[in-house]
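Student: The following block contains the structure, expressed as structure tokens.
Readers should treat all values here as calculations from the given coordinates under stated rules, not as data from a laboratory. What you see is a predicted model; the values in this text were computed from it and never measured. We place every Cβ from the backbone using ideal geometry, glycine too, and count neighbours over all the protein chains shown.
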Amino acid sequence: MKAAVIVFPGSNCDRDCKVAIERSTGASVDMVWHKDTALPAGLDLIVLPGGFSYGDYLRCGAMAALSPVMSEVKAAADRGVATVGICNGFQILCEMGLLPGALLRNEKLKYVCKPVALDVVNSQTRFTAGYSDRREVTMTVGNGEGNFFADDATLDRLEGEGQVVFRYRENPNGSARGIAGVVNAKGNVLGMMPHPDRAFEAELGSADGAILFQSALASA
């Protein structure tokens, strides 16, 4: 199994993701600089990590979405490679148009960093199959702009087509309908604000995030 973590100037969870994937799955992980123009061959998983790419200037994720390597990431995602955007990575996926909606400033305009309880809304995706019949998991949020927004028609479609994957039990940032994570229509691109990379071992307070990485690579 082989994964890649894309590293942007300002990423601060890139190494967290690498360690989480390695320890959770045993997969080899390549760190790919955002200016690279090619991805390693034979990837089973691509991760866009959390952080503050380009210092969150202009708009979170907007500049990173135009980094040279992202055309290759999009091509890989279009081919069906499992792709996960965590926190800032979720923002980047929305800016690229790989996922619908946008991430706005948190409802109370404050940075929120704490463990959160999540409902696994859809355990039939390639990212959540390992949760099986588990309904509740715990991960950690750390964001100032994690307020997921989309118009009602888009939200209805996401709900109706099973694209809402995680939902907050207690909404920490004002996200529409408490949405914490969504997949694209093909089911191979996941964006989520909570960090599975900060919840992959019991010593971190939860090991629930490990199951997400294991599920993603088990389906490769």
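Student: Given a Förster radius of 41 Å and the C-beta distance between Lys35 and Arg135 as r, what FRET efficiency does 1/(1 + (r/R0)^6) yield to the nearest 0.05? Display every interim value, and only then the final one.
Tutor: Numbers: r = 42 Å, r/R0 = 1.03.
Computed FRET efficiency for Lys35 and Arg135: 0.45.
Student: Hey, another quick one. Taking +1 at the Cβ of each Lys and Arg and -1 at the Cβ of each Asp and Glu, which of Ser11, Val116, Ile46 sits farthest along the dipole of the range 2-218 towards its positive end, judged by Cα position relative to the Cα centre?
Tutor: It is Ser11.
Student: Follow-up question, since we're still on this one. Could you size up the charge dipole of the chain around its Cα centre, putting +1 on the beta carbon of Lys and Arg and -1 on that of Asp and Glu, and report it in debye to the nearest 20? Walk me through the intermediate numbers first.
Tutor: Working: 21 positive and 25 negative charges, 23 e Å.
In total the dipole reaches around 120 debye.
Student: Further, regarding this structure: Given just the C-alpha atoms of the range 66-114, how large is their convex hull per residue in cubic angstrom? Walk me through the numbers on the way to the answer.
Tutor: Working: hull volume 4.7 nm³, N = 49.
Output value, Cα hull per residue: 95 Å³.
Student: With no solvent and one equal point scatterer per Cα, compute the Debye intensity ratio I(q)/I(0) for the range 25-119 at 0.12, 0.13, 0.16, 0.17 Å⁻¹ and report its log10, rounded to two decimals.
Tutor: Calculated log10 I(q)/I(0) at the listed q: -0.42, -0.49, -0.72, -0.81.
Student: Where Rh is the Kirkwood radius over the Cα pairs of the range 130-220, the temperature 37 °C and the viscosity 0.692 mPa s, what D in µm²/s does Stokes-Einstein return?
Tutor: In µm²/s, the coefficient is 236.
Student: Can you give the calculated 222 nm mean residue ellipticity of the chain, where each DSSP H run of n ≥ 4 adds -39,500 (n - 2.57) and the sum is split over every residue, rounded to the nearest 500 deg cm²/dmol? Write out the running numbers ahead of the final one.
Tutor: Values: 5 runs with 51 residues, N = 220.
After summing the helix terms and dividing by the residues of the chain, the value is -7000 deg cm²/dmol.
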